[in-house]
Amino acid sequence: MEGRFLFYPIDIDFNNQGIIRIFGTTTEGKKICVYDDSLRPYFWVLGDKNIEKIKNKIDDLEFEEDFKILDTSIYSKNYLGNEIKAVKVEVNNTKAVKAVSREIKNLGFDVKEDDINFAKRYLIDKEITLLTLSEIGGELIEDIRYDVCIRGEVKQKSQDFYDDLKVIVFDIEVYGSLGGIEKVKNDPILMIGLRGNDIKKVITWKKFKAPDYVEFVDSESEMIERFNEIIKDYKPDCIVGYFSDGFDFPYIRTRADKYDIKLDLGLDGSSVIFRRGLGESTAKIKGILHLDILKFIKRIMSGSLQLDSYSLNSVAQELLHERKKDVNINDIMKAWDEVKDLEKYCEYNLQDTELTLKIFKKILPNISELVKLVGVSMFDICRMSYGKLVENYLIKRAKEFNEIIPNKPSHRNIEERMGMTYQGAFVMEPEPGFYQDVVFFDFMSLYPSIIVAKNIDPGTFNVKKKGYKTPEIIDDKGKKVYYYFDAKKEGFIPKVVRDLIIRRNRIKEILKKEKNPLLEARSYALKT
C-alpha cells in the first residue's frame, strides 16, 4: 500500500546498509518512521591529467562479497583554491567506505571525504534541514512501534519550521551526601519531577499528605518503571534536563540496572545510549531529542550572560529573574527518614522542572536558529563547541561552492599542531586613575573581518610571496618570517564569512527599527 505524508523530521540515524532512518512528527501529530535508501555512500579520489587512468585502476579493484564499488564518475570540483578533476566512488554500504578507500589509498591515490558521517552527508546532499517541513511518499510498512512507518524518498517541502515541540522536562532528587560512584550504588532516587505543557507530576515512594501533583508508588524500582511508562505514553518530541547528561540520566541508568529495569525509551524500543568521550558523557534516545540545556548555556550563551556560576538558580535569575525556593537540599535525608516536610522537597523538585522548562522556552529560538544555519540536530547543537559549529557550517556550505572537504587531522597531526605555539593578541594593562580626552573604538566582527579583508584561507596561501602580507611572525627557530595570501581569487572561507557578516548586518538594520525576537535569535546564531 502506498502513502504520502507531510512531516517534521526530528531525529536521524542509519544502518550499515546505508539506509537512512528518520523519526518525526506528521502535521497531524502522529509519530512517523521513514526509511530512505535513495543516497548511496560515497567518497572522492582527487586526480589530475591522469584522472581516467585513476578511474580505471579503481574500477579494476576487487573486494570481498560484503564490499562493492557500485559506480565511479569523474566530476569537476574545487579543492583548496584549485579547480580539479575528482572521481566520485559510490559503494554498497557505509562500512565499505572505509574498506574501499583504504585499498585506494594503498594505490597511492589521494582520498577525501571518507570520514563524513553518512547521516550528515544525507542531510547536506538532499538539502534537508531537521525540524523543517518535509514530504515523504512511498510504501507503507506495518510496524506497531509507530503511528506511521513508510519507505520512500524524503524531500523538503518548505521552510516552515516546527516550533511547537512536545516537551517534557525531568529532574531527580536523591538520598545521601556521598560523592562519586559509591553514592550512585548506595543512595536511592527519592523522587522524579516531570513537567510539560500538559503534565505536572512528582513521583515518589514514601506516602505522606501531599498535593494532587504528587503520585505515590511502593518502591524506587516501581518509580523508575513509572518514569519509563510516562515517557512512553507521553511520546514527547524532546526530553529536557539541566545537567541531565552528567547527572540525572546516568543516575537513573545505574539505579535501573540495580533492579534489571530497561530504560527502553527510544521510539523503536531501544534503550538510552550512554557514551563517554573527552571527559564528558551523553545520553541519546532514538527518535526523541534529549537536550541537556546546561551544555548549550555554558558553551554557546555564556559570553552574553553575567553569571557567577552555571547553577540552575543563577541561570534562572539571569534569564527569567526568578529564584529557586529557599530549601536546604542537604536536609532531605533527615526529612526522608522521618517522613517529615517531604511536601516542600516535592515542591522544590517540581520547581526545578518548571524553571528548566521556562529557560528552555527562552533559549529555544537560539537553538532553533543554529539548527537552521548549521544543519545538524538539536541534540548535537546543544553539545557542540564554537569550533564544532563552525566546522559543521563550513561542511554544509561546501556543497554550495562545489568544494571537496579536507579530511580530519589524525591524532598525531593534532598533537603536532598543539605543540606549535605563537603569540596571540597584545593586551595593554590599564593604569588606574582619572583620564580626560579619552576616545574608544571597536572593530565590527574583528577576526571575521580580517579573514575577509585579507582573504585568509588554506587555498589562498601563496608561496610566491605575492598578495596580502602578514605581520612579522617569529617561527619555531626564532627566525622572522612573513606569509602571503592571494589578493586576486577569493577563497572559500572568506566567501562564506563575508556572507555571514552581510546577513547579520542586514538583520541588525531591521532590528534598529523594530524589535523581533526571531530576528534577534537569528542575529545571535550568525554571530556565533
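The values are calculated or read from the model by the stated rules, or taken from the named source; none is laboratory data. Keep in mind the model is a prediction, meaning the values are calculated, not measured. Heads up, the Cβs are rebuilt from the backbone with ideal geometry, glycines too, and the neighbour counts pull from every protein chain shown. The accessibility values were calculated without ligands, DNA or RNA, using every heavy atom of the protein model including side chains. Shrake-Rupley method; radii C 1.70, N 1.55, O 1.52, S 1.80 Å.
In this view, the solvent-accessible surface of Ile84, computed with a 1.4 Å probe and all protein chains in place, comes to about 30 Å². The ellipsoid that matches the Cα gyration tensor of the stretch 64-168 has semi-axes, each √(5λ) in whole angstrom, of 34, 20, 13, with the longest given first. Dipole of the stretch 433-505 computed with +1 at Lys/Arg Cβ and -1 at Asp/Glu Cβ about the Cα centre; of Pro458, Asn505, Tyr435, farthest Cα towards the positive end is Pro458. Largest accessible area first, the listed residues Lys68, Lys465 line up as Lys465, Lys68 when surface is computed with a 1.4 Å probe on the assembled protein chains. Label-to-label distance, Ile329 versus Ile199, with points set 7 angstrom from Cα along the beta-carbon direction: 2.2 nm.
Sorting the segments 385-392, 285-292 by their mean number of nearby beta carbons within 10 angstrom, highest to lowest, gives 285-292, 385-392.
Projecting label points 7 angstrom from Cα along Cα→Cβ for Glu509 and Asp163 puts them 2.3 nm apart. Taking amide H atoms as placed 1.01 Å from N in the peptide plane, the amide H of Leu291 lies under 5 Å from those of Ile239, Val240, Gly241, each 5 or more residues away in sequence or on another chain.
For the stretch 478-519, dividing the convex hull volume of the Cα atoms by the residue count gives 147 Å³ per residue.
Rounded, prolate or oblate: which one fits the stretch 1-134, using the alpha carbon gyration tensor with axes a ≥ b ≥ c (rounded when a/c is under 1.5, else prolate when a/b beats b/c, else oblate)? Prolate shape, in that a/c is at least 1.5 and a/b is the bigger ratio.
For the stretch 39-118, count all C-alpha to C-alpha pairs, find those more than 19 Å apart, and express that count as a whole percent of the total. Can you show the working numbers first?
Details: 924 of 3160 pairs.
So the portion of pairs separated by more than 19 Å is 29 percent.
From most to least packed by mean Cβ count within 10 Å, the peptides 338-349, 20-31 give 20-31, 338-349. As a calculated quantity, the FRET efficiency between Arg299 and Asp475 at R0 = 30 Å, using C-beta atoms, amounts to about 0.35.
Phi-derived couplings, Karplus 6.51 cos²θ - 1.76 cosθ + 1.60 at θ = phi - 60°, listed residue by residue for the stretch 106-112: 5, 7, x, 8, 8, 9, 10 Hz, with x used for Gly and Pro.
Carbon and sulfur together cover what percent of the accessible area of the chain at a 1.4 Å probe radius? Please list the in-between numbers first.
Details: 14630 of 29440 Å².
The C+S portion of the solvent-accessible surface of the chain is 50 percent.
Over the stretch 257-319, the ratio between the Cα radius of gyration and 2.2 N^0.38 Å evaluates to 1.47.
Starting from 0 in steps of 10 Å, tell me what percent of the Cα-Cα pairs of the stretch 370-528 lands in each bin. For the stretch 370-528, the pair-distance distribution reads 8, 25, 34, 23, 9, 1. Here the translational diffusion coefficient of the stretch 207-256 follows from Stokes-Einstein with Rh set to the Kirkwood radius across Cα pairs; for 25 °C and 0.890 mPa s it amounts to 194 µm²/s.
The Cα center of the stretch 382-444 and the Cα center of the stretch 338-370 differ in position by 35 Å. The sum of -39500 (n - 2.57) across all DSSP H runs of n ≥ 4, divided by the residue count of the chain, sets its helix-only mean residue ellipticity at 222 nm to -11000 deg cm²/dmol. The share of Cα pairs per 10 Å bin across the stretch 324-446, counted from zero up to the longest distance, runs 9, 17, 19, 20, 21, 12, 2 percent. Let a ≥ b ≥ c be the square roots of the eigenvalues of the Cα gyration tensor of the stretch 125-223; is it rounded (a/c under 1.5), or, if not, prolate (a/b larger than b/c) or oblate? Verdict is prolate for the stretch 125-223. Per residue, the stretch 484-528 exposes 64 Å² of accessible surface when a 1.4 Å probe is rolled over the protein heavy atoms with every protein chain present. Taking each residue as 0.36 nm, the span from Arg40 to Asp442 lengthens on full extension beyond its C-alpha to C-alpha distance by 139.8 nm.
For the stretch 52-68 versus the stretch 463-528, the spacing of their alpha-carbon centroids is 42 Å. Exceedance of the 28 Å cut-off in Cα-Cα distance is limited, within the set Lys200/Lys284; Lys295/Lys396; Lys262/Lys358; Lys55/Lys495; Lys126/Lys466; Lys31/Lys324, to Lys262/Lys358; Lys55/Lys495; Lys126/Lys466; Lys31/Lys324.
What is the Å³ per residue value for the convex hull set by the Cα atoms of the stretch 451-528? Display every interim value, and only then the final one.
Numbers: hull volume 9.1 nm³, N = 78.
Spread over its residues, the Cα hull of the stretch 451-528 gives 117 Å³ apiece.
With N the number of residues in the stretch 173-319, Rg(Cα) / (2.2 N^0.38 Å) evaluates to 1.10.
In this simple spin-label model, placing a label point 7 Å from the Cα along the Cα-to-Cβ direction at both Ser271 and Lys68 gives a separation of 3.6 nm. Using the Cβ-Cβ distance between Asp499 and Tyr75 with R0 set to 22 Å, the FRET efficiency works out to roughly 0.35.
With all protein chains in place and ligands, DNA and RNA left out, the 1.4 Å accessible area ranks Trp205, Trp44 as Trp205, Trp44, largest first.
The alpha carbon radius of gyration of the stretch 393-444, expressed as a multiple of 2.2 N^0.38 Å, is 2.15.
Suppose the Debye formula is applied to equal point scatterers at every Cα of the chain; what is log10 I(q)/I(0) at q = 0.07, 0.11 Å⁻¹? Taken in order of the listed q values, log10 I(q)/I(0) reads -0.51, -1.15. Solvent-accessible surface (1.4 Å probe) assigned to Leu140 amounts to roughly 50 Å².
Taking only the alpha carbons of the stretch 311-353, we obtain Rg and Dmax values of 11.9, 37 Å in that order.
Normalised by residue count, the stretch 13-56 yields a Cα convex hull volume of 111 Å³ per residue.
Along the stretch 506-519 the Karplus relation, 6.51 cos²θ - 1.76 cosθ + 1.60 evaluated at θ = phi - 60°, assigns HN-Hα couplings of 5, 5, 4, 5, 5, 5, 5, 8, 8, 7, 8, x, 5, 5 Hz to successive residues, with x for each Gly and Pro. Please report, to one decimal in angstroms, the Kirkwood hydrodynamic radius of the stretch 348-415 built from all distinct Cα-Cα pairs. That comes to 14.5 Å for the stretch 348-415. Could you give log10 I(q)/I(0) at q = 0.21, 0.25, 0.28, 0.32 Å⁻¹ for the stretch 91-132, computed by the Debye formula over C-alpha point scatterers of equal weight, without solvent? Summing over Cα pairs of the stretch 91-132 leads to -0.72, -0.87, -0.98, -1.10.
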